[in-house]
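The values are calculated or read from the model by the stated rules, or taken from the named source; none is laboratory data. These numbers were taken from a predicted model, which means no experiment stands behind them. Virtual Cβ from ideal backbone geometry, glycine too; neighbours counted across all protein chains shown. We work out accessible area using only protein heavy atoms, side chains counted, and drop any ligands, DNA or RNA first. Shrake-Rupley method; radii C 1.70, N 1.55, O 1.52, S 1.80 Å.
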Amino acid sequence: MRIKTFEEYKVAYQQSVDDPEGFWAEVAQQFQWRKPWKKVLSWDFQEARTKWFEGGVMNITENALDRHLAERGDQPAIIWEPNNPEDQAVTLTYHVLFDQVCRFANVLKKHGVKKGDRVCIYLPMVPELTIAVLACARIGAVHSVVFGGFSAKSIADRINDAECSMVITSDGAFRGSKVIPMKDTVDEALVQCSTVEKVIVLTRTRTPVHMLKGRDLWWEDEVKQVNSVCPAEPMDAEDMLFILYTSGSTGKPKGVVHTCGGYMIYATYTFANVFQYEPGEVHFCTADIGWITGHSYIVYGPLCYGATSLVFEGVPTYPDASRFWKIVERHKVNILYTAPTAIRSLMGFGLDYVKGHDFSSLKKLGSVGEPINEEAWHWYKTNIGGDHCPLVDTWWQTENGGIMISPLAGITPEKPTFATLPLPGIQPVLVDESGKEIEGNGVSGNLCIKFPWPGIIRTTYGDHERCRQTYFSTYPGMYFTGDGCLRDEDGYYRITGRVDDVLNVSGHRIGTAEVENAINMHLGVVESAVVGYPHDIKGQGIYAYVITEHAPQDPEMFRKDISATVSRIIGPIAKPDKVQFVSGLPKTRSGKIMRRILRKISEGDVNNLGDTSTLLDPAVVEEIKAGKL
Ligand code: PRX
């Protein structure tokens, strides 16, 4: 499965384009199947349908756990670093993880969870989160992990969309110096959810909680009552593995669906190759399992490849800004995979927090989630990687299942801020506004992918038409990423950011429409328009233009109230950084908000607004310009 040289990469890439089915079938052979597949690939991008390895019977947990037991049962599968550095780290070997997954899978079964049922998981970054995820996969239940920072309303929306029958949560979560009441939030969510029959609650913080008779169960009590023998459910490669909600430019977040076989192969193949994982290495991905990066590069990719994956409960700045470096030192981390926003934030604390730490274990560095600026790239490479660790800038999306464009560590020649070259199996194309392919090098356009890969999105849960519309209709016959991209003279790719109304704030994907809807729910707000603006640490900040019913008497207070509303409706990650009160918004005669103008004003580019003559009321632009924050 592993490519070892740049020459081998080129050969593999060519083979994957000339004979994709042969290429992926060869990779797939290296996994454990109960029954071989009948057909490697069938696809129709007009209809947004892709199937890989249909008819093949397998279970991802047999690949992530069972098959490693004989050879590396006593090797750490998970190393868990708790929020408080004074607390003991915990190591789960493959044997122990296997045992706990099977045990918890039996708890799920005992409470009526069956193949195909949806289970919502709302947990902090504790080992039980990985156990819960794998236990679902063991019995064929579909997990929907919801990031611990989301609000009750966001949880409820996700539970209702997927019609989950169970929620797995904890009493509370430790996050830096804060204790967050998880169960209370779930209780608030469940007032709006009728499909949930059982809630399993893990003890983490000993925060007092209300347990509802007949519905709520303690994790610790339940696992005592079952044994640890749980045969894996036979799954078709195309059976659903999980749903993960992500934001788009319109409407509520969509439930991106991934299936068992293709996702497993793609997450594992990309993990092995991008990070050039060597047996025994400790891989530390700092993402949360509530996002796709955690699914693919904390849980499934590393475990299916028999790796050791480090799970960190806390935040990079607690107890201080040296926490990541202390973890690297303590656990002799070999691979560090983090986000540009974390790097920029830690850069801001100065080198004193970096100095004196032992980075000698580090061999490879990775970046994900947003474009990495040149300064952050060099800072990371030099101060953390000692200028000898390869640094992989990995571009991909929730909908992709795994990394799409990235260097292979130590193999692909690097270029700062470039995701470099497509992985084998990925056929990127740049298109212009009219959908025409832009050929050659030294060009830029909208990034599309013209051929399916095993990790591609299969559908959006409960609404296939939305999947077709969102990804496959803008440029017929191609998957549209929503990203703008440049291909330089060497054929290297650099992702320039979203070209739609999706924001990337600290690597979190947020739809402008979602934030607007939340702001509009605040009493006294008539209308709002939200855009992104460049932010030194977050990459993008959220700038909201708000029309109120009456001029606010205490604008500062009103701003705080608006932030609190957004926090309550979506979660703190979506709070606006700036709120400007305006009396009108620049609209076309047909009533469409001209975001281009608002974006430029928020960026401070006020002299370059382009043609404003088609506006209903051009005077409003002057007022907005004058009031810019
Ligand atoms: O705009 C791209 C940006 O993050 C978006 C996908 O967000 P999400 O689905 O939350 O997944 C994030 C982690 C896989 C993309 O459309 N993005 C992700 N990685 C990069 C990036 N932009 C530039 N460079 C990257 N390496």
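Centre-to-centre separation between the Cα atoms of region 543-566 and those of region 2-27: 55 Å. Helical runs (DSSP H, four residues minimum) scored at -39500 (n - 2.57) apiece and divided by the length of the chain put the mean residue ellipticity at 222 nm at -8000 deg cm²/dmol. The reciprocal of the average 1/r between distinct C-alpha atoms defines the Kirkwood hydrodynamic radius, which for region 504-626 equals 14.7 Å.
Secondary structure note: in region 164-235, about 25% of the DSSP beta bridges are antiparallel. Is the chain best put as rounded, prolate or oblate by its Cα gyration tensor, with a ≥ b ≥ c the root eigenvalues, rounded for a/c under 1.5, and otherwise prolate when a/b is larger than b/c, oblate when not? Verdict is rounded for the chain.
Here Lys224 is the anchor, and the lysines within straight C-alpha reach of less than 27 Å, apart from those fewer than 8 places off in the same chain, are Lys109, Lys110, Lys114, Lys115, Lys183, Lys198, Lys213. Expressed as a whole percent, the accessible surface of region 504-626 that belongs to carbon and sulfur atoms is 51, based on a 1.4 Å probe. Label positions at Ser473 and Lys415, each projected 7 Å from the Cα along the C-beta direction, are separated by 3.6 nm. Near Gln88, within a Cβ-to-Cβ distance under 13 Å, what is the net charge of the other residues, with Lys and Arg +1 and Asp and Glu -1? Here the charged neighbours net out to -3. The overall shape of region 62-233 is oblate: from the C-alpha gyration tensor, with semi-axes ordered a ≥ b ≥ c, the ratio a/c is 1.5 or greater and a/b is no larger than b/c. Think of the chain as a dipole: +1 on every Lys or Arg Cβ, -1 on every Asp or Glu Cβ, centred on the Cα centre; then among Ser154, Trp396, Pro316, Ser154 lies furthest on the positive end.
The apolar share of the surface of region 18-174, taken as the fraction of accessible area on carbon and sulfur atoms (1.4 Å probe, ligands and nucleic acids excluded), comes to 46 percent.
With a ≥ b ≥ c taken as the square roots of the eigenvalues of the C-alpha gyration tensor of region 319-360, please select rounded if a/c is under 1.5 and otherwise prolate if a/b is larger than b/c or oblate if it is not? Taking the square roots of the gyration eigenvalues as a ≥ b ≥ c, region 319-360 is oblate. Along the axis of the charge dipole computed for the chain (Cβ charges of +1 for Lys and Arg, -1 for Asp and Glu, origin at the Cα centre), the listed residues Ile180, Cys467, Leu430 are led at the positive end by Ile180. Separation of region 92-160 from region 297-318 is 16 Å, based on Cα centroids. Accessible surface area normalised per residue over the chain is 38 Å², counting heavy atoms of protein chains with a 1.4 Å rolling probe. Charging the Cβ of each Asp and Glu at -1 and of each Lys and Arg at +1, and nothing else, the dipole of the chain about its Cα centre rounds to 820 debye.
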